[in-house]
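Engineer: Submitted below is the structure of interest, expressed as structure tokens.
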Amino acid sequence: MPISATYNTGGAQMPGRWRGVPRQESGAVWFQMRGMLTVFSCSKAPGIEFPLLHAAKPPIHRPYRKPKFRVARPETVESSFAMSFKVCCLNSTIGVKPLLQTRSASAVGIAWRQQVLNCSPQFQNFASGKSVTVAMTATMPPKAEPRSSGIYVPRETNKQSAHSILPERLEIIKSLDAWAGDNILPYLKPVEKCWQPQDHLPEPSSEAFYEEVMELRARAANLPDDYLVVLVGDMITEEALPTYQSMLNTFDGTRDETGASPTSWGVWTRAWTAEENRHGDLLNKYLYLTGRVNMKAVEKTIQYLIGSGMDPKTENNPYLGFVYTSFQERATFISHGNTARQAKEFGDSKLATICGLIAADERRHENAYSKIVEKLFEVDPDGAMLAFGDMMKKKITMPAHLMYDGIDQNLFANFSMVAQRTGTYTATDYADILEHLVNRWNVAKVDGLSPEGRQAQEFVCTLAPRVRKLEERAQLKPKRTPKTETFSWVFDRELQMW
């Protein structure tokens, strides 16, 4: 016999176990569970709903009393999750096991199971010993606010997809492992030939350490706040490296399956991560020594960002993933190159060298990822074209788009506006990168495409001019009232947005 019930906790904690002997009084079956009373108000007529009500701490093993119901806090109404249970009546026992648990309003999941023992004979007769499905909706506490909980769970703005690569294309990716060993691994540099952060920082064991630090601070004194905000944002992006290695290891067919896989893809992922790790280390230490930025606010932002992760919309698909990394590495090359040029203009030649070295690494890595996509256009032009078009339709999401410092939930947007205003990374750069990749992969001349592939080809080949036109129109609009924002990274000083 079907039973439908609604369970509202009123914001209370979910109990871990049901216990006690259920009783039936006035058409209601109730169970005592860890000091809380739960009542099935029921009728024996088929198809009647059973509202399952929750009461607070009645006496245990006493006759049934009218429960005092909790009043749900207003904020608990904002989020809920659905559960389905299958209740099997066997002799005197009902086993209750969750079949489905989801929570759409938050990334936080709740795993629990409940068992109801010693079912009353009345309830057994009512259920007739048959399986019963109970659909329940529980109102749970909403996603915690960042300021109150200290844990920031960003709002998901995109519908996430996973494992979208077709089986035949997955086989193509796997077949390229040997090719990657011969053509991609050479882009890595031996450790002994790589620069290290300490090569460009004051030597702490030297007697001249303090003098070198004072010289560094004197040079950095001329760096304006808007430059520092962009440099800090670039450094924080580099410091979220664990997220990027995790992202690479989501790609089907290329992930490092064991953590120390000898495959070419596994070797590349680990060695690329090791090279990139030097970037954040060097910028972090340099900014620390300048004394110009609030390092605690910076460190909190890094922790929040790594904890938040990223959603590049690559769907575990290496076709999409390598298009993304090709674009993103070029973007970081441009950004670091511009910070190098600006540092030189502000009189900090040492910082200019540092940013230039990082930009050179990013350019080398960009060449490696672009070569992978170039190979995909060679062996599977239609699949590569569809992937390129798909990523550009979804737009390339910057890796630090979930940036948060514990205060400003629009931190990434504000940082991006400062980068745009200072010319460090702009909408024009976005169009330039797209045009560069179209030319690099010779997209306009690719043939043998499906109708969908030809549509993607036309889209990407005409996108860069459209982006430039939009930017030109934006520049022609009347100047808006100047707007300022404060940044915790520079001790809450105000910066002009436009």
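The values are calculated or read from the model by the stated rules, or taken from the named source; none is laboratory data. Please read these numbers as outputs of a predicted model, since none were measured by experiment. Note: ideal-geometry Cβ built from the backbone for every residue, glycine included; neighbour counts use all protein chains shown. Surface areas here come from the heavy atoms of the whole protein model, side chains and all, with no ligands, DNA or RNA. Shrake-Rupley method; radii C 1.70, N 1.55, O 1.52, S 1.80 Å.
Engineer: How much of Thr273 can a 1.4 Å solvent probe reach, expressed as accessible area in Å² and rounded to 10?
Structural biologist: The accessible area comes out at roughly 20 Å².
Engineer: Within a Cβ distance under 13 Å of Glu171, other residues only, what is the Lys/Arg minus Asp/Glu net charge? Let's see the in-between values first.
Structural biologist: Values: positive: Arg169, Lys174; negative: Glu168, Asp177, Asp252, Asp380.
Computed value for this residue: -2.
Engineer: Nothing charged except the Cβ atoms of Lys and Arg (+1) and of Asp and Glu (-1): what's the magnitude of the dipole of the stretch 393-498 about its Cα centre? Round to the nearest 20 debye.
Structural biologist: Using only the charged Cβ atoms, the result is roughly 440 debye.
Engineer: Is there a pair in Lys313/Lys344; Lys174/Lys395; Lys285/Lys344; Lys395/Lys479; Lys395/Lys477; Lys285/Lys483 whose C-alpha atoms are over 30 Å apart, and which pairs would that be?
Structural biologist: Lys313/Lys344; Lys285/Lys483
Engineer: Straight distance only, please: which aspartates and glutamates reach the Cα of Lys193 with their own Cα at less than 12 Å, same-chain residues fewer than 8 apart left out?
Structural biologist: Glu275
Engineer: While we're here: Rounded to a whole number of µm²/s, how large is the Stokes-Einstein D of the stretch 156-198 at 20 °C and 1.002 mPa s, given Rh as the Kirkwood radius over C-alpha pairs?
Structural biologist: 151
Engineer: For Ala444 paired with Ser349, estimate the spin-label separation in nm (one decimal), with each label point 7 Å from Cα along the Cα-to-Cβ line.
Structural biologist: Placing both labels 7 Å beyond Cα along the Cβ direction yields 4.3 nm.
Engineer: What whole number of Å gives the distance from the Cα centroid of the stretch 421-498 to the Cα centroid of the stretch 302-339?
Structural biologist: If we compute the Cα centre of each part, the gap is 15 Å.
Engineer: At what distance in angstrom do the alpha carbon centres of the stretch 351-373 and the stretch 265-297 lie from each other?
Structural biologist: Centre-to-centre (Cα) distance: 14 Å.
Engineer: Need one number: nm distance between label points at His200 and Arg493, each 7 Å from Cα along Cα→Cβ, rounded to one decimal.
Structural biologist: The two pseudo-label positions are separated by 2.3 nm.
Engineer: So for each of 215-224, 391-400, 367-376 I average, over its residues, the number of other beta carbons within 10 Å; can you give me the resulting order with the highest mean first?
Structural biologist: Output ranking for 215-224, 391-400, 367-376: 367-376, 391-400, 215-224.
Engineer: Right, something else. Report the Cα centroid-to-centroid distance between the stretch 217-255 and the stretch 381-395 in angstrom, as an integer.
Structural biologist: What the calculation gives is 26 Å, centre to centre.
Engineer: Distance in nm between label sites at Ile407 and Glu257, each 7 Å beyond Cα in the beta-carbon direction?
Structural biologist: Here the answer is 4.9 nm between the modelled labels.
Engineer: Calculate, for Lys193 and Gln303, the FRET efficiency according to 1/(1 + (r/R0)^6) with r their C-beta to C-beta distance and R0 25 Å; round to the nearest 0.05.
Structural biologist: Details: r = 33 Å, r/R0 = 1.30.
Step by step, r from the Cβ atoms, then E = 0.15.
Engineer: I need two numbers for the stretch 335-388: Rg to one decimal and Dmax as a whole number, Cα atoms only, in Å.
Structural biologist: For the stretch 335-388, the Cα-based Rg and Dmax read 16.7, 50 Å.
Engineer: How fast does the stretch 215-367 diffuse by Stokes-Einstein, in µm²/s, taking the Kirkwood radius from C-alpha pairs at 4 °C and 1.567 mPa s?
Structural biologist: In µm²/s, the coefficient is 79.
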